[in-house]
Amino acid sequence: MKSFYQLLSLFTVFVLSLNAKTQDTDSMMISKMDSVEISLLTCSPHDEIYSLYGHTAIRIQDQRNGEDLAVNYGLFSFEKPHFVLRFVFGLTDYEMGIEPFETFCRQYRYYGSSVTQQVLNLTNEEKWNILKAVNINYMPENSVYRYNYFYDNCTTRAVDMLTTHLSDAHVVFEGEQQKYPSFREMVHSCVEQHPWSRFGNDMLLGVKADCKTTKREWQFLPANAMDDFRHAQIVGQDGSHRPLVTREEIVVPQGMQIVGKDFPLRPKDVFLILLTLTVAITLIEAVSKKVLWGYDTLLMLLCGLAGVVLFLMLFSQHPTVRLNLQLLLLNPLPLFFIWRMIRRAKKKKADRQFVGWIILICLFFIGGIWQHYAEGLFLLASSLLIRNVWCLLRQRKYTTRPSVSE
């Protein structure tokens with residue numbers, strides 16, 4: 001893989017080759033754009049977690065000079081310190097890169113993904129404007145940007161580059177005034193065959209992810225942007241219309257993909273097993289008169305640790321994760337009450353904290369009206385509700401008056 005500066009030199013040579021060694025004016029450069037084609041590239045998903053949603057790039061091809069490059073806004077490195085944490089908190093920097101088109105395609109052939117090319121119906125002036133904008137964007141001080149999964153990603157960057165540098169014309173997409181599916185619904189459509197990836201997404205996404213989206217937000221997915229380009233029109237100042245896309249073709253056909261095996265049980269299956277176990281343990285305690293406090297301790301520990309993650313999301317730069325009603329069920333508070341619960345359970349003393357947990361769980365059920373919860377969380381909430389109600393009823397048998405709060 002060529003270094004950043006080698007690729008910068010490659011693209012600079014490409015631009016200069018259009019100008020030879022003279023200082024031509026823009027009008028002279030525009031006249032040389034006849035041999036240049038600019039296309040939107042859309043890559044189908046493959047099984048890697050970061051590619052379940054597909055990818056978008058730009059192709060710039062000069063048939064006269066034999067130059068063929070792919071402009072890619074999706075370069076990142078897992079080797080950078082704290083990559084996962086930075087991604088979750090919206091602090092990940094992505095980089096724009098330029099590479100030979102064949103090198104770009106080779107990667108997707110390897111994964112078995114198709115690459116679709118949509119050649120844009122641009123005038124020579126519009127091509128030159130886009131070419132200049134890409135060149136400016138590729139400068140070291142401009143090539144790195146703060147990535148945001150929904151609002152500023154490799155697809156939205158490519159779409160903006162191709163639709164906002166058309167001089168006096170502008171692009172009109174069909175249905176710009178209507179509302180589109182929510183971010184969560186669109187994500188679900190991409191991970192339908194990956195239930196645990198879907199579960200992880202739904203755990204982190206909050207209320208805002210369930211709101212309807214605009215046309216601009218809808219285009220965060222590569223497949224959506226490709227479909228919009230298919231039906232878009234370029235409208236000139238004189239009111240003239242022309243299709244945005246003049247030709248569409250598959251440049252890399254779909255190949256055989258290696259599909260990894262997911263965990264055999266879906267999230268709802270795991271939580272159904274947990275609910276069954278909860279009911280069984282509760283019946284055992286009712287019959288044997290024993291207190292199996294270890295089970296409640298484990299539940300509080302796991303829910304508290306999951307709650308830490310959701311609590312930290314309040315400080316994320318991703319606006320769709322900050323308000324998450326799943327915090328009512330999964331929050332860090334149990335971690336502060338585990339030891340208290342164990343002591344009082346051993347002494348068979350009543351504990352008023354269970355009333356608080358019951359209220360929070362009920363509020364969680366009500367919150368399901370506004371937010372779509374991760375698969376199986378209602379089953380988890382039912383397990384926790386059963387245990388808290390049972391613990392409250394059980395401990396009331398141990399005392400005829402309210403105990404002094406510790």
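The values are calculated or read from the model by the stated rules, or taken from the named source; none is laboratory data. Because the structure is a prediction, the values reported are computed rather than measured. Here the Cβ is made from the backbone with ideal geometry for all residues, glycine too, and neighbour counts use every protein chain on show. Note: areas computed on protein heavy atoms with side chains; ligands, DNA, RNA excluded. Shrake-Rupley method; radii C 1.70, N 1.55, O 1.52, S 1.80 Å.
With 0.36 nm allotted per residue and the present C-alpha distance subtracted, the I366-Y295 stretch has 22.9 nm of extension available.
In plain terms, the chain from D238 to V279 could stretch by 7.6 nm, reckoned as 0.36 nm per residue minus the Cα-Cα distance. Basic side chains Lys and Arg get +1 at the Cβ, acidic Asp and Glu get -1 at the Cβ, and with that the dipole of segment 118-258 about its Cα centre reaches some 220 debye. Basic side chains Lys and Arg get +1 at the Cβ, acidic Asp and Glu get -1 at the Cβ, and with that the dipole of the chain about its Cα centre reaches some 3460 debye. Here the dipole of segment 265-373 is about 540 debye; that uses its Cα centre as origin and unit charges on the Cβ of Lys and Arg (positive) and Asp and Glu (negative). Accessible area per residue for the chain is 50 Å², calculated with a 1.4 Å probe on protein heavy atoms, without ligands, DNA or RNA. When nucleic acids and ligands are ignored and a 1.4 Å probe is applied, S288 ends up with an accessible area of around 50 Å². Here the calculated FRET efficiency for E95 and W339, from their Cβ-Cβ distance with R0 = 35 Å, stands at 0.15, rounded to the nearest 0.05.
Considering only N148, V187, M203, whose Cα is most displaced toward the positive end of the charge dipole of segment 108-209, charges sitting on Cβ of Lys, Arg (+1) and Asp, Glu (-1)? Positive-most Cα among the choices belongs to M203. The figure for H165 is an accessible area of roughly 60 square angstrom, using a 1.4 Å probe on the protein chains alone. In plain terms, the chain from A286 to T123 could stretch by 50.7 nm, reckoned as 0.36 nm per residue minus the Cα-Cα distance.
A straight Cα-to-Cα reach below 18 Å connects K179 with the aspartates and glutamates D210, E217, D227, D228, residues fewer than 8 places away in its own chain not being considered.
In summary, the aspartates and glutamates within cross-link reach of K290, defined as a Cα separation below 20 angstrom excluding same-chain residues under 8 places away, comprise D351.
Element breakdown for the chain at a 1.4 angstrom probe: carbon and sulfur atoms account for 63% of the accessible area.
Which of the DSSP-defined H helices in the chain satisfy a minimum axial length of 24 Å, computed from C-alpha atoms, and a minimum mean Kyte-Doolittle hydropathy of -1.0? Correct list, ordered by number: 267-288, 293-312, 377-396.
Rounded to the nearest 500, what is the chain's calculated 222 nm mean residue ellipticity when only DSSP H runs of at least 4 contribute -39500 (n - 2.57) each, over all residues? Value at 222 nm, helices only, nearest 500: -14000 deg cm²/dmol. Given points 7 Å out from each Cα along the Cα-Cβ axis, report the I136 to R322 separation in nanometres with one decimal. It is 3.1 nm. Accessible surface for M300 stands near 30 Å², nearest 10, in the context of the full protein assembly shown (1.4 Å probe). Semi-axes of the equivalent ellipsoid of the chain are 56, 20, 18 Å, computed as sqrt(5λ) over the eigenvalues of the C-alpha gyration tensor in descending order. Among the GluC sites (Glu not before Pro) in segment 137-190, those placed in a DSSP loop whose Cβ has at most 10 other Cβ atoms within 10 Å are E141. Which of G175, V270, L360 sits farthest toward the positive end of the charge dipole of the chain, with +1 on the Cβ of Lys and Arg and -1 on the Cβ of Asp and Glu? Of the listed residues, the answer is L360.
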